[in-house]
Amino acid sequence: MARAQSRRSGHNGGMSVWYSRPEDTSFAGLRAGWRLTIFLCLAVGVPAVLSAIALALAHGHARAGTTPVGGLNPLLAAVGEGAPFLWVLFVSWIMARLEHRSLADYGLPWRRAFQGNFWAGALWGAVSLTALLLLIMVSGDFSFGHLMLHGAAIETYGLEWALAFVLVGFFEEFTFRGYALATLTQGTTFWTAAIILSVVFGAVHLGNTGESWIGALSAGLIGLFFCFTLRRTGSLWFAIGMHAAWDYCESFVYGVPDSGQVSQGRLLRPDFHGSHWITGGSVGPEGSLWVFVIIVLLFALFADLYPAREAATPSPESTASSAA
């Protein structure tokens, strides 16, 4: 019982707080650095190969004739992100078994799947992306354009993109802010680990077609905000919901570029006609200078609405009872 209680030394809405256990040296005595290295070799190297194969297979079945070559489509997005996510989930499960933990210790408590925090995050994602586009529009550099889909096509593409971007949220959040963040935290501190992984998250975006340093920087800062939501809520569900809704509104609803790529089956055809510093140019709104205003507001509002919870202090009576 004493060991079980030490694994939940913090308190955050009833969740286990893994970042409060930097002294953990489980998994046959290996330190956090070695366990993280093993995880990255399995979880990152293999998905790179799987993703390339999956995208090649899906490319031949992609819907044609709706966007220029290189445009995103739901099948490519779902397969390209879903298959690697399943692998990362499997590797994390293996590591959890070896370390006598559960996936909840890495931010994914399945019993809370798609509940309050997920939908709250989805609302934040939709509202914040919409607010960003409104700021660009007020600057005189953007208009929402006109409808490109009608009738049953709206429902079909809407559902397909919803599934695709939920998988995007799962893969990117769990890869960068799941086992990797939990284990790196045990070897350093939570915020040191969060900053390191957010820098990596932003740098990875530089590999996207049409990306810019502003877009990569904003991606890294948004990744740091997602770490903040994990810290305050105790799970990744808020971050997954927000990530999915942000991308869904960006790529499907408003049809603006996402890291230089425009989606097939987008609802609207917008018009950018101003400075690239304001519109984001080929990068999309994430490359706009206005995005940094949105990010600052996100941190400020979330800090106010989701206050930190103090660690529970056991009473002398309960301490004596635990010792007995």
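The values are calculated or read from the model by the stated rules, or taken from the named source; none is laboratory data. Bear in mind that the values here come from a model prediction, so they are computed numbers and not experimental data. Glycine also receives a Cβ, built like all others from the backbone with ideal geometry; neighbour counts cover every protein chain displayed. For the accessible areas, the whole protein counts, side chains as well, though only heavy atoms, and no ligand, DNA or RNA atoms are used. Shrake-Rupley method; radii C 1.70, N 1.55, O 1.52, S 1.80 Å.
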Report yes if some residue within segment 234-249 is under 14 Å from Leu129 (Cβ atoms), among the aliphatic types (A, V, I, L, M) and touching a Phe, Trp or Tyr at 6+ places or on another chain (Cβ under 6 Å); otherwise report no.
-> yes
Within segment 102-116, identify whether any single residue is in contact (Cβ under 8 Å) with a residue 60 or more places away in the chain and under 26 Å from Gly281 (Cβ atoms), and answer yes or no.
-> no
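Filtering segment 88-115 down to residues that are among the aromatic types (Phe, Trp, Tyr) and surrounded by fewer than 19 Cβ atoms within 10 Å (Cβ to Cβ), which residue is farthest from Thr233 (Cα to Cα)?
Phe90
Residue under question is Leu217, and the condition is that it be in a helix (DSSP H, G or I), closer than 25 Å to Trp290 by Cβ and not charged (D, E, K, R); does it hold?
Yes.
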Picking from Thr183, Thr130, which residue would you name as being part of a helix (DSSP H, G or I), touching a residue at least 12 places away in the same chain (Cβ under 8 Å) and within 28 Å of Gly265 (Cα to Cα)?
-> Thr130
Among the residues of segment 165-175, is any over 22 Å from Val91 (Cβ atoms), buried (at least 19 other Cβ atoms within 10 Å of the Cβ), modelled with pLDDT of 95 or more and not charged (D, E, K, R)?
-> yes
If we keep only residues of segment 129-162 that are out of contact with any Phe, Trp or Tyr (no Cβ under 7 Å at 6 or more places or on another chain) and under 18 Å from His243 (Cβ atoms), then the residue surrounded by the most Cβ atoms within 10 Å (Cβ to Cβ) is Glu160
Within segment 202-213, residues open to solvent by 10 Å² or more (accessible area, probe 1.4 Å) and at negative phi come out as Ala203, Val204, His205, Leu206, Gly207, Asn208, Thr209, Glu211, Ser212, Trp213
Does any residue of segment 252-261 turn out to be in contact (Cβ under 8 Å) with a residue 24 or more places away in the chain, in a helix (DSSP H, G or I) and crowded, with 21+ Cβ neighbours inside 10 Å?
-> yes
